[in-house]
Amino acid sequence: MTVSLGSFSRALDPPLATFAMAIVVIGAVEALIVENFPGSLPIWMPYEFSWTVFLCCVGAAGFYVRGCCSSPQRERPGRWRRTSFFLGVGLIYISMQTWLDYAAQHMFFIHRLQHLILHHTGPFLIALSDPAKVIWRGLPTGLRRGTQIQGVMTCLNILQQPALASFLFVALIYIWPIPSVHYWAMLDPMLYTIMNWSVTIDGILFWSLILDPRPKPLARVSFGVRLICAAAVMFPQMILGAFVVFAERDLYPVYNICGRIFPISGLQDQTYAGLILWVPSTMMSVFALIIILNFIRLNEEDAVTLSGSLR
Amino acid sequence: MIDSVTLSRRSILALVLLLASGCGSKSQWKLVDVKDMYPELKLRMTDVRTGKLMSATDYAGKTVILFFGYSFCPEICPTTLLTLTSVMEQRRELQAKTVVLFVSVDPERDTMEALNRYVESFAPNVTALIGTSNELASLARRYRVAYTVNPGPGSADYTVDHTATVFIFDKTGRLMLLAPYGTGAEDFEHDLLLLA
């Protein structure tokens, strides 16, 4: 699992190695500032610096830029796709590496806002940009081989089975807010990290399955199945959101232990959190349905154009 | 600590147990058991009783009770410190074995003298710590403590919010227990006697 810096550098070409070293130096400087001056940090700086988040986000952005540059002109992603990718990665970075993460540890509704970004909006925007091919082009050869390990591919194939992917997506939305689970997830920093990464990775897997612009067999599943998946995950979220909104007692006393940063009651906090679970989360499914319908239309138009040109 | 890619077996086991049972196993503690979840005690602040710069090693061999607050606090801080004082008076043997560290989150108003006068109202093993904004933020972040000081336009508008939880460390500086605001003296007494 451990990769030495030397072997990593050898896997990169010289300009890329220089760039990677620059990123590591920037990260180290940021980590030092965060460690030594916690009382003077602006809200856009990390509350707790995480090398994992930093390297994943900056690495993804870097390889995407490199992939864009090395793609032939006609295969380069358009402006909207590029914007969507950087917005998605940026939102994930902001929600885990700024004041928002500190606030999410102390207010339930901000925690739900953070998960709306990590599980829905961020991965949704990344998937919408259809970045796989571009990032692949941007990866150095050594890392490309790493992504083709049989075990990883098999695991991804299983996790992106439509029924399992939909089940996992809903299951994670239900598991982490179970009061007894949530209690320990907020108190145990390691469990907290697992919670945030689990929803982020699951979000990317789910939305990239749903928002693939290509028809089957190029895409894993047909547009019809994807419509069903996007609609299927919507209703359980509505039910959970409504349950939390209308709960008459504070289900999450753990925030009394963590200490709330805004002067609102536990029930108010919970109501706002329930509304976030209910409305914007389910709206993401509605957006997905509209986008899939648009993909169907575009593919049908392409098919008509193609058949016209063959005639 | 949070950034480690190695998943602790304890975290995974805790998650599995929670999912399987919906509740934790029965514990010997009355307070919230957080053993092995947080880093050990590390601080660098000034003790208002002695005026000395203190570090965690100065408290080695004693159970440390850490609490964040401010001397102008109308309710939470005096209530919590009075509860701890009543425990210390009930169980005098705890006074030599434990130290209560009251960390000021409002160093602008809490001067050394004011804090010293404040802590003298409580048990003799209660002292206050004061530090720079970075020293305070570093200690608070280590244990995920929230605090905000809002100096409004007038003195009546000055508000301070802070985590009201009490953090209890064993003699080696490991964070063992959390006591939410409102924890009774009996529960403190039970667990402090077990730790001492």
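The values are calculated or read from the model by the stated rules, or taken from the named source; none is laboratory data. Everything numeric in this text was worked out from a predicted model, so none of it was measured. Neighbour counts run over all protein chains shown; Cβ positions are idealised from the backbone, glycine included.
Looking at A:Thr200, A:Thr282, just one residue is modelled with pLDDT of 95 or more and under 19 Å from A:Ala171 (Cα atoms), and that residue is A:Thr200.
Yes/no matrix, rows are residues, columns are (1) touching a Pro at 6+ places or on another chain (Cβ under 7 Å); (2) buried (at least 23 other Cβ atoms within 10 Å of the Cβ); (3) over 30 Å from A:Gly224 (Cβ atoms); (4) at pLDDT below 95:
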| site | (1), (2), (3), (4) |
| --- | --- |
| A:Leu100 | no, no, yes, no |
| A:Gly138 | no, yes, yes, yes |
| A:Thr147 | no, no, no, yes |
| A:Met153 | no, no, no, yes |
| A:Leu168 | no, no, no, no |
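Applying the condition of being surrounded by 15 or more Cβ atoms within 10 Å (Cβ to Cβ) and within 16 Å of A:Leu118 (Cβ to Cβ) to the stretch A:49-84 and asking which residue is nearest to the other protein chains (Cβ to nearest Cβ) yields A:Ser50. When each of A:Val181, A:Val225 is tested for being assigned to a helix (DSSP H, G or I), surrounded by fewer than 22 Cβ atoms within 10 Å (Cβ to Cβ), within 14 Å of chain B (Cβ to nearest Cβ) and among the β-branched types (Val, Ile, Thr), the lone residue that passes is A:Val181. Considering the conditions (1) under 17 Å from A:His115 (Cα atoms); (2) in a helix (DSSP H, G or I); (3) touching a residue at least 24 places away in the same chain (Cβ under 8 Å), A:Leu143 is excluded by exactly one of them, (1). The one condition from (1) outside any strand (DSSP E or B); (2) farther than 27 Å from B:Gly152 by Cβ; (3) modelled with pLDDT of 95 or more that B:Leu66 does not meet is (1). Among the residues of the stretch B:128-161, the one identified as touching a Phe, Trp or Tyr at 6+ places or on another chain (Cβ under 7 Å), in a loop (DSSP other than H, G, I, E, B) and without any contact (Cβ under 8 Å) to a residue 24 or more places away in the chain is B:Gly152.
If we keep just the residues of the stretch B:97-114 that are hydrophobic (A, V, I, L, M, F, W, C) and modelled with pLDDT under 95, which is farthest from B:Lys62 (Cα to Cα)?
Going through the stretch B:97-114, the residues hydrophobic (A, V, I, L, M, F, W, C) turn out to be B:99-103, B:105, B:112, B:114.
If we keep only those that are modelled with pLDDT under 95 as well, we get B:112, B:114.
Values: B:Met112: 24, B:Ala114: 26 Å.
Of everything passing the filter in the stretch B:97-114, B:Ala114 is farthest from B:Lys62 (Cα to Cα).
The residues in the stretch A:246-271 that are more than 29 Å from the chain's Cα centre (by Cα) and at positive phi can be counted, and the count is 0. Of everything listed in (1) surrounded by fewer than 16 Cβ atoms within 10 Å (Cβ to Cβ); (2) within 13 Å of another protein chain (Cβ to nearest Cβ); (3) modelled with pLDDT under 95, the single unmet condition for B:Lys42 is (3). Quick one: how many residues across the stretch B:133-188 are β-branched (Val, Ile, Thr) and either surrounded by 22 or more Cβ atoms within 10 Å (Cβ to Cβ) or within 10 Å of chain A (Cβ to nearest Cβ) (or both)? Qualifying residue count for the region: 7.
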